[in-house]
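Enquirer: For reference, the structure I am asking about is given below.
The values are calculated or read from the model by the stated rules, or taken from the named source; none is laboratory data. Being a predicted model, the structure only gives us computed values, none of them experimental. Every residue, glycine among them, receives a Cβ derived from its backbone with ideal geometry; neighbour counts consider all protein chains shown. Calculation scope for accessible area: heavy atoms of the full protein, side chains included, ligands and nucleic acids excluded. Shrake-Rupley method; radii C 1.70, N 1.55, O 1.52, S 1.80 Å.
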Amino acid sequence: MTAVAAALALSACSGEAEIDPEASEEAAGEAEMATPQVYESPKMESAEPPQLATADTLDPTYHGVWDYVEGMCDPMSDMRLEISGDRLEFYESGGDIVNIERESNGDRLVTVAMSGEGETWDTTFRFEMDSSGQFLIVSGTEEDGFDGVPRKRCS
């Protein structure tokens, strides 16, 4: 105990009613410092866990609008591609994703039920994204001979 606290305790035992106000403030300050403070951390809103691809949903890394690397990202661009979790939209055609396979190198094989210009067909695209996430090469499979088209992410 400090001298001030001891003096307060002694005067309380002796029945004396006089207490030095300065000593009381000092003792209260020391007692406050000795009392452990408990702080409650603010409640953090839990962030959504990252979405993973399922058999027919493409992960958000690929979502967005893409255009040919030299394109202007104009809605009328014939190389424009809009990707959502379950659909691809090209300039004059679009389709629902029916299956996605993730290859060991990170590429995705995306099978799509396409329709456009009065026709319907199924096709599989290979999506290969660069490490920055700003460039995507979309190509067909070996069966259709569709060569890779490099696209940039539009803002």
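Enquirer: For region 101-120, state whether one or more residues are in a loop (DSSP other than H, G, I, E, B) and either in contact with a strand residue (DSSP E or B) (Cβ under 6 Å, 6 or more places away or on another chain) or under 18 Å from Val65 (Cβ atoms) (or both).
Expert: Taking every residue of region 101-120 in turn, at least one turns out to be in a loop (DSSP other than H, G, I, E, B) and either in contact with a strand residue (DSSP E or B) (Cβ under 6 Å, 6 or more places away or on another chain) or under 18 Å from Val65 (Cβ atoms) (or both).
Enquirer: If I go through region 95-112 residue by residue, how many of them are surrounded by 16 or more Cβ atoms within 10 Å (Cβ to Cβ) and small (Gly, Ala, Ser)?
Expert: Number satisfying all stated conditions: 1.
Enquirer: Scan region 74-90 residue by residue and report those that are open to solvent by 80 Å² or more (accessible area, probe 1.4 Å) and either in contact with a helix residue (DSSP H, G or I) (Cβ under 8 Å, 6 or more places away or on another chain) or not hydrophobic (A, V, I, L, M, F, W, C) (or both).
Expert: Pro75, Asp78, Glu82, Asp86
Enquirer: Considering only residues that are farther than 16 Å from Ser139 by Cα and outside any loop (DSSP other than H, G, I, E, B), look in region 36-88 and name the one that is modelled with the lowest pLDDT.
Expert: Thr54
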